[in-house]
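Taking it in order: structure first as structure tokens, then the write-up.
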Amino acid sequence: MNLVPFANEHLEAAASLLALRHRAHRAALPLLPGEPESATEARRILEALRQRPRTSGFAALQNGQLIGFALGTLRIDTTWGRSAWLFAPGHALAPGTSPEVYRDLYAALAAQWVQEGCFVHAALVPAHDRPALEAWYGAGFGHEQVHALRALDPVDLRPGVLDSPLRTHRAGMDDLDRLLEMAGHIFEHQRASPVFAPYLPEFSEDWPQDYTELIEGEADRIWLAEQDGRLLGFAIFSPAEQTPDDLLTPPKSVTFTVGVTREDVRCRGVGRALFARGVEEARRMGFRACVTDWRATNLAASRAWPRMGFSPALYRLSRRIDERVAWARGARFTHT
């Protein structure tokens, strides 16, 4: 096997490998979009990926034939700092190729990434592909995020255990202050064990504008759950946005972006009632599928959303390199 920088001459064969990988993925999860099964569409997706700034990669060749590839993107922002990403369409292997090739491709990419000062690495891998996942785990990656989807089938409403009836309704501008107060509960939950996800204080400065736009949005919906005038939780549904290199989102999809319930009323039917209301409205508006994501370490979400019918489609795996490797070279001092 020979690793070489990915070039235009590898694009056609890489598109065929990506189309085959997506076909296997759809066999496990038929709700995924079908267009990327076409090598023509897969090539368009790869070309879109390569248009992302700071994207490059490697091709694995055997006897002159492409048996795998990996395209990574450097990302620099206030959330992740300097990081490097293998997005979902950025990697594939030929059928029958050992998943170990992923580890070789990653080793080549990681050398460049660390050289560029990127010590946080992420890879989005199909959830059904256990051999590929094992290869990435063997490269030092851990399971961080779940990207999932479900058909917009009606939600089975189970009897709740609340003391008095629950009222669900769409939020209006009169609810803005209560929404902003409860929005903080999301990040308090994410900051706690075992998630430990920080949320920088300055991010909340945009909340009033963000929630105002959602309330006034034509297709966005914020659903509130109240009992005796007290806000117990809310859920947000918005039309799904598809990037040019998206492999996950089916046509006519809605995104379940936020679901939060006060801690003292969890496991009592509030979240399910909110989700059911959102699904019912999305179906009425013509949507056919729902996508969402959650932290794998978020115990409440990782238990609740699969029970709501979501099936994992992609796992975001991550690895954090010890930054001291940039200077700790083990040089010995000579004493005289």
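The values are calculated or read from the model by the stated rules, or taken from the named source; none is laboratory data. Computed from a predicted model, the values in this text were never measured in an experiment. In this analysis, Cβ positions are derived from the backbone assuming ideal geometry, glycine residues included, and neighbour counts consider all displayed protein chains. The area values use the complete protein model at the heavy-atom level, side chains included, leaving out ligands, DNA and RNA. Shrake-Rupley method; radii C 1.70, N 1.55, O 1.52, S 1.80 Å.
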Exercise. Leaving ligands, DNA and RNA out of it, report the carbon-plus-sulfur percent of the accessible area of segment 66-118 at a 1.4 Å probe.
Key: 53 percent
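Defining a contact as two alpha carbons under 8 Å apart and six or more residues distant in sequence, what relative contact order in percent does segment 72-168 show?
27 percent
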Self-check item: Inter-site label distance for residue 242 and residue 169 at 7 Å from Cα along Cβ, in nm
Solution: 3.6 nm
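For the chain, what relative contact order do you get, as a whole percent, if you take Cα pairs closer than 8 Å and at least 6 residues apart?
Details: 579 pairs, mean separation 71.4, N = 336.
Relative contact order of the chain: 21 percent.
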Self-check item: Cut-off 18 Å, label 7 Å out along Cα→Cβ of residue 103, residues of segment 1-34 by amide N
Solution: 1-3
Self-check item: Efficiency of FRET from Cβ geometry, residue 288 and residue 205, R₀ 51 Å, rounded to 0.05
Solution: 0.90
Quiz item: Round to a whole number: what % of the accessible area of segment 172-310 belongs to carbon and sulfur, probe 1.4 Å?
Solution: 48 percent
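Counting only heavy atoms of protein chains, what accessible area per residue, in Å², does segment 107-184 have with a probe of 1.4 Å?
Working: 3670 Å² over 78 residues.
Counting only protein heavy atoms, the per-residue value for segment 107-184 is 47 Å².
Distances over 36 Å make up what percent of all Cα-Cα pairs in the chain?
Working: 15870 of 56280 pairs.
The proportion of pairs with Cα distances above 36 Å equals 28 percent.
Relative contact order, percent, of segment 1-105 when contacts are C-alpha pairs under 8 Å separated by at least 6 residues?
Numbers: 166 pairs, mean separation 29.8, N = 105.
With pairs under 8 Å counted, the relative contact order is 28 percent.
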Quiz item: Using a Gaussian network model of the chain with C-alpha springs under 10 Å, which one of 243, 55, 297 is most mobile by mean-square fluctuation?
Solution: 243
Quiz item: Taking a probe of 1.4 Å, how large is the accessible area per residue of segment 251-322, in Å²?
Solution: 46 Å²
Practice problem: Once you've got the GNM for the chain with C-alpha springs shorter than 10 Å, pick whichever of 284, 23, 170 has the biggest mean-square fluctuation. | Solution: 284
Self-check item: Neighbourhood net charge (11 Å Cβ-Cβ; Lys/Arg +1, Asp/Glu -1) for residue 239
Solution: -1
Quiz item: Along the Cα-to-Cβ line of residue 264, 7 Å from the Cα, sits a label point; which residues in segment 163-200 have backbone N less than 20 Å from it?
Solution: 163-168, 178-190
Quiz item: Expressed in nm to one decimal, what extension gain is obtained for the pair residue 51 and residue 213 from 0.36 nm per residue of sequence separation less their Cα-Cα distance?
Solution: 55.3 nm
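Among 71-79, 285-293, how do they line up by average Cβ neighbours within 10 Å per residue, starting with the highest?
Values: 71-79: 16.9, 285-293: 18.6.
Top to bottom by mean Cβ count within 10 Å: 285-293, 71-79.
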Quiz prompt | Candidates 282, 42, 111, ranked by Gaussian network fluctuation over the chain, Cα under 10 Å, top entry | solution = 111
Quiz prompt | HN-Hα J in Hz across segment 88-98 - Karplus 6.51, -1.76, 1.60, θ = phi - 60°, x for Gly and Pro | solution = 3, x, x, 7, 6, 10, 5, x, x, 6, 4
